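The values are calculated or read from the model by the stated rules, or taken from the named source; none is laboratory data. Worth saying up front: this structure is predicted, and the values here are computed from it rather than measured. Positions of Cβ are backbone-derived with ideal geometry, glycine not excepted, and every protein chain shown enters the neighbour counts. Heavy atoms of the whole protein, side chains included, go into the accessibility calculation; ligands, DNA and RNA do not. Shrake-Rupley method; radii C 1.70, N 1.55, O 1.52, S 1.80 Å.
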Amino acid sequence: MTNKHLPRALLVSSASLLTLAFVAIAVQSVDWPNIEESPTPRTQSGQHATSQNEPASGTQDTPSFASNAVKALRAPARETKGPTSGGGGLLGLYSAQGSGIAQKGPAMTHDAVPPQFLSSKGDQFASIDANPLKDVDKNPVSTFSIDVDTASYSYVRRSLTNGRLPNTDAVRVEEMLNYFDYDYRVPEKGAAPFSTNVSVVDTPWNKHTKLMQIGIQGHKVPLAELPPQNLVFLIDTSGSMQQETKLPLLQQSFRLLLSSLRDEDEVAIVTYAGKAGVLLDPTRVADKDLILDKIDVLTAGGSTAGHEGLKGAYKLAEKMTGAGEQTRVILATDGDFNVGLSDPDSLKRYVSEKRKQGTALSVLGFGHGNYNDELMQTLAQNGQGVAAYIDTVSEARKVLVDQVVSSISMIAQDVKIQVEFNPQTVAEYRLIGYETRALKTEDFKNDKVDAGDIGAGHNVTALYEITPVGSPAMKFPDSRYGTAQENTASVDETYSGELAFVKLRYKTPGEDKSQLMETPVNSSDQNIPVSETLFAASVAGFGQLLKGTDYLGDWSFEDSEKLARENIGADRFGYRSEFLTILRLAQTAKQ
C-alpha cells in the first residue's frame, strides 16, 4: 500500500523552495527609491539636514538574485554609527547585498570577478599626432588652452613599473610636464590670479635651437579660506571595478580626501552599476564615521550605467548648492560606460551644460584592462575639473591631500595662451605637447570658446623649441619669391630684438568677460631658474621619446636621466627622485 504522507525531508525542501520563491517575488516587487525623489532639505540655518539615507541601487543586476537574499537573511546585523541607509528586516539586508553595498570587510578581489564582467577591449586612448614644426613666415601665431591634468604621467609610471613601455597614445607630454611643481614667482596678493614667467635656454638635444619655457603660477589659498565645499562622490561599482587596483584603491583614496576636508564641508555619495542610487545623502564632514561607513561597505558587480550616475550626482549637487558655496562632482571610475548615454560627444555636451549651471566635474581614473582615457579626458575638460589617474595610494595622497585646494577650488577659468613669434629673430617653432588643447587663432578673443581652468596654487608649464633665424637647424627651404613679411613693412624697431610676444586671457570665476595679460620675450630672459627649465626639458625629452619624434636626434633615456639628476633641485615630496627611477625603468623596458 502506498504511503499517502510525503517524507519529512521532502516537505522541508518544498517549504524552503516556496519561501525562496516568495522572497524573490517580494524583493522584485519593491518600489526602490529613485534618485530624483531623494529630498535634501536645508535647516533654517541654511545647512543641509542629514536624513535617513536610501540604499544605492548600483548593482541590482548582479547574478544569483535569490541566493543573495538568502545569504542576507543568514548574515549578522551590521553595527552602524549614526543614521543608516535603508530599513531593517529583509529589505535593508537585501539592499546591502545586491546594490553595491556589503557587510564590512574586504571587497572582492580580481580572482572573484565573474567572467561576464571582464572586458577584452583594452585601455582606450585618443590617437593624435604630435605638433609639427611651424614656419614663422607662414604661421607666426600659436594658440592653445592651458591644461593642468596629470593623468598621463601616472599611467606611464604604472606601465613602466609593470615592465613595459606605455601605449604611445597614452603619452601627453604636457601632462608629464605639469605633474611637477616648478620654482615660479608667486603673484602678489590682490594682483592677477597668476603670474607669467618666461625663460630661454639652449635646447639640450639640439645646440642650434632654443628652448622657451612659459610658466604660470596661481596664487595660493589656504584651505581654511575657501568657501564651504559641497562634494558629491560619484562611484563606479560595476563589475569591472572589482580588481584590487580599482574599487579597493578607490575606497582608500576617498578616505584620504575625507581627511583633508573641514567639518563644515558636505559630502554625498552616489553609486552606479546597472542602475544608480544615493548611498549617502548630503552629510557634514563632522559626521566622518558615517561617511567612512558608507565608503567601507562598497562592493562591485553589474554593468555600467555611467550616464544615469552622472544625472543622479548632478541632481543631488544642485540641491546641495547654497549662496557663496562651491559644488563639485568627483567621478571615480575606470571609464567603462556601457549602459545609456556613453559616446564622448554626447557626454561632452551634457557635462558642458551642467558646468554652465554651476556644478564642476573632476575625474579620478583607476585600473587597467578597460580603462577609457579618452572618455575621462572628455569629461574633465568639459566639466571644469581635473583628470587624474590613481595608480597608487601615494598618488591618491598627492592629488587629494597635498593638492586638495587646487583640485577643488578654481581661481581662473577659460585660460588661453597665444604666442606670436617675431619673423626677424625666429624662423621656426614647435609647441611640445598640448595637441588635444589646440585652438584656432580667432578663438583667443572669443569669450564663448571654452578653455582650461587653474586651481589655487596650480602651476602650468609649456615649452616651445624655437629655431633662430640663420641657424643651421632650419628645416624649411627658402622661398623663391620671398615672404609676405619681406614684401610689406618690417617689424617695428621697438620690437625687433624680441623673440616672441606672449598673451594670456582668463576669466575670473563667475565672470563672462575675459581679461588680458601680455609679456614680451627676449633671448636673454631668465625669469625662471635655469635648473628648473633644464629639469622640465628632461621630462619633455623623456615624453617625446615615449611618444616617438624625429626632432630629438640621438637623445636617449640615459640623456634625460643625466639631465634630470643634474637639475633635480628642491624635491619636497620626492617626485623628482621617483622620476629618476622611472627613467631607469624605461631604459630596461626598451631593451
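Among the numbered conditions (1) part of a helix (DSSP H, G or I); (2) surrounded by 24 or more Cβ atoms within 10 Å (Cβ to Cβ), tell me where Tyr350 comes up short.
(2)
Could you list all residues from the stretch 142-191 that are of a type in the set (Phe, Trp, Tyr), assigned to a helix (DSSP H, G or I) and open to solvent by 10 Å² or more (accessible area, probe 1.4 Å)? Reasoning before the result, please.
Step one: of the stretch 142-191, the residues of a type in the set (Phe, Trp, Tyr) are 144, 153, 155, 179-180, 182, 184.
The next check asks that each one be assigned to a helix (DSSP H, G or I); those that pass are 153, 155.
Listed by number, the list holds a single entry, Tyr155.
For the structure I just gave you, tell me whether Glu442 is in a strand (DSSP E or B), at pLDDT 85 or above and not small (Gly, Ala, Ser).
Values: in a strand (DSSP E or B): no; at pLDDT 85 or above: yes; not small (Gly, Ala, Ser): yes.
It is false that Glu442 is in a strand (DSSP E or B), at pLDDT 85 or above and not small (Gly, Ala, Ser).
Taking Phe542, is it at negative phi, aromatic (Phe, Trp, Tyr) and not in a loop (DSSP other than H, G, I, E, B)?
Values: at negative phi: yes; aromatic (Phe, Trp, Tyr): yes; not in a loop (DSSP other than H, G, I, E, B): yes.
Here the answer is yes, as Phe542 does meet what is asked.
Exactly one of these conditions fails for Leu534: (1) in a strand (DSSP E or B); (2) of a type in the set (A, V, I, L, M); (3) open to solvent by less than 50 Å² (accessible area, probe 1.4 Å). Give me its number.
So Leu534 meets the others, but not (1).
Inspect the stretch 325-336 for any residue being farther than 22 Å from Leu261 by Cα, touching a residue at least 40 places away in the same chain (Cβ under 8 Å) and out of contact with any strand residue (DSSP E or B) (no Cβ under 8 Å at 6 or more places or on another chain) and give the result as yes or no. Working first, answer last.
Let us first name the residues in the stretch 325-336 that are farther than 22 Å from Leu261 by Cα, namely 334-336.
Applying the additional criterion that residues be touching a residue at least 40 places away in the same chain (Cβ under 8 Å) yields 334-336.
Checking which are out of contact with any strand residue (DSSP E or B) (no Cβ under 8 Å at 6 or more places or on another chain) leaves us with none.
No: zero hits.
Ser523: open to solvent by 70 Å² or more (accessible area, probe 1.4 Å) and in contact (Cβ under 8 Å) with a residue 60 or more places away in the chain, yes or no?
Details: open to solvent by 70 Å² or more (accessible area, probe 1.4 Å): yes; in contact (Cβ under 8 Å) with a residue 60 or more places away in the chain: yes.
It is true that Ser523 is open to solvent by 70 Å² or more (accessible area, probe 1.4 Å) and in contact (Cβ under 8 Å) with a residue 60 or more places away in the chain.
Which of the residues spanning the stretch 250-275 are open to solvent by 10 Å² or more (accessible area, probe 1.4 Å) and in a strand (DSSP E or B)?
none
Cβ-Cβ distance below 6 Å, separation of 6 or more or different chains: which pairs start in the stretch 140-155 with a residue that is modelled with pLDDT of 95 or more and end on one that is of a type in the set (Asp, Glu) and assigned to a loop (DSSP other than H, G, I, E, B)?
Ser154/Asp391
Could you please let me know if Lys448 is among the basic types (Lys, Arg) and not in a loop (DSSP other than H, G, I, E, B)? Full working, then the answer.
Numbers: among the basic types (Lys, Arg): yes; not in a loop (DSSP other than H, G, I, E, B): no.
The answer is no for Lys448.
Scan the stretch 276-306 residue by residue and report those that are without any contact (Cβ under 8 Å) to a residue 40 or more places away in the chain, under 23 Å from Glu395 (Cα atoms) and in a loop (DSSP other than H, G, I, E, B).
Result: Val285, single match.
Considering only the stretch 117-139, state which residues are assigned to a loop (DSSP other than H, G, I, E, B), modelled with pLDDT of 95 or more and touching a Phe, Trp or Tyr at 6+ places or on another chain (Cβ under 6 Å).
Residue satisfying the conditions is Val136 alone.
Out of the residues in the stretch 508-520 that are charged (D, E, K, R) and modelled with pLDDT of 95 or more, which is surrounded by the fewest Cβ atoms within 10 Å (Cβ to Cβ)? Give the steps one after another, and end with the answer.
Kept after step one, since they are charged (D, E, K, R), are these residues of the stretch 508-520: 511-513, 518.
Adding the requirement that they be modelled with pLDDT of 95 or more leaves 513, 518.
Numbers: Lys513: 7, Glu518: 10.
If we take residues in the stretch 508-520 being charged (D, E, K, R) and modelled with pLDDT of 95 or more, then Lys513 is surrounded by the fewest Cβ atoms within 10 Å (Cβ to Cβ).
For the stretch 562-575, does any single residue satisfy the condition of being over 24 Å from Ser394 (Cα atoms), at pLDDT below 95, open to solvent by 40 Å² or more (accessible area, probe 1.4 Å) and charged (D, E, K, R)? Write out each step before concluding.
Filtering the stretch 562-575 for residues over 24 Å from Ser394 (Cα atoms) gives 562-563, 566.
Still in the list and also at pLDDT below 95: none.
No: the stretch 562-575 contains no residue that is over 24 Å from Ser394 (Cα atoms), at pLDDT below 95, open to solvent by 40 Å² or more (accessible area, probe 1.4 Å) and charged (D, E, K, R).
Does Leu431 satisfy being hydrophobic (A, V, I, L, M, F, W, C), open to solvent by 70 Å² or more (accessible area, probe 1.4 Å) and assigned to a strand (DSSP E or B)?
Here the answer is no, as Leu431 does not meet what is asked.
If you take just the strands (runs of 3 or more DSSP E) that sit entirely in the stretch 192-249, which of them hold at least 3 residues that are open to solvent by 30 Å² or more (accessible area, probe 1.4 Å) and under 30 Å from Leu563 (Cα atoms)?
On the way: elements: 194-203, 206-218, 229-236.
Fully inside the stretch 192-249 and qualifying: 206-218.
Name every residue in the stretch 352-383 that is among the β-branched types (Val, Ile, Thr) and modelled with pLDDT of 90 or more, in order of residue number. Show your work before the answer.
First, the residues of the stretch 352-383 that are among the β-branched types (Val, Ile, Thr): 359, 363, 378.
Result: Thr359, Val363.
Out of the stretch 434-473, which residues are of a type in the set (Val, Ile, Thr), open to solvent by less than 10 Å² (accessible area, probe 1.4 Å) and under 30 Å from Ala360 (Cα atoms)?
Of the residues in the stretch 434-473, the ones of a type in the set (Val, Ile, Thr) are 436, 441, 449, 454, 460-461, 466-467, 469.
Of the ones still in play, those that are also open to solvent by less than 10 Å² (accessible area, probe 1.4 Å) are 454, 460-461, 466-467.
Residues satisfying the conditions are Ile454, Val460, Thr461.
So the check is Cβ under 8 Å with 6+ separation or different chains; which pairs have a first residue in the stretch 497-510 that's closer than 13 Å to Asp453 by Cβ and a second one that's open to solvent by 30 Å² or more (accessible area, probe 1.4 Å) and of a type in the set (Lys, Arg)?
Arg505/Lys445; Lys507/Lys513
Find all pairs meeting these conditions: Cβ atoms under 7 angstrom apart; at least six residues apart or on different chains; first residue within the stretch 216-238 and acidic (Asp, Glu); second residue part of a loop (DSSP other than H, G, I, E, B).
Once the first residue is acidic (Asp, Glu) and sits in the stretch 216-238, its partners that are part of a loop (DSSP other than H, G, I, E, B) give Asp236/Thr304; Asp236/Asp334.
For the structure I just gave you, tell me whether Ser490 is touching a Ser or Thr at 6+ places or on another chain (Cβ under 9 Å), modelled with pLDDT under 95, open to solvent by 50 Å² or more (accessible area, probe 1.4 Å) and among the polar types (S, T, N, Q).
Details: touching a Ser or Thr at 6+ places or on another chain (Cβ under 9 Å): yes; modelled with pLDDT under 95: yes; open to solvent by 50 Å² or more (accessible area, probe 1.4 Å): yes; among the polar types (S, T, N, Q): yes.
So Ser490 fits the description; yes.
Given the criteria open to solvent by 30 Å² or more (accessible area, probe 1.4 Å), in a loop (DSSP other than H, G, I, E, B), under 30 Å from Pro166 (Cα atoms) and charged (D, E, K, R), does Asp554 qualify? Spell out the reasoning first.
Values: open to solvent by 30 Å² or more (accessible area, probe 1.4 Å): yes; in a loop (DSSP other than H, G, I, E, B): yes; under 30 Å from Pro166 (Cα atoms): yes; charged (D, E, K, R): yes.
Answer is yes for this residue.
Identify the residue in the stretch 363-399 that is under 12 Å from the mean Cα position of the chain (by Cα) and part of a loop (DSSP other than H, G, I, E, B) and, among all such residues, is surrounded by the fewest Cβ atoms within 10 Å (Cβ to Cβ).
Only one residue tops the list, namely Gln384.
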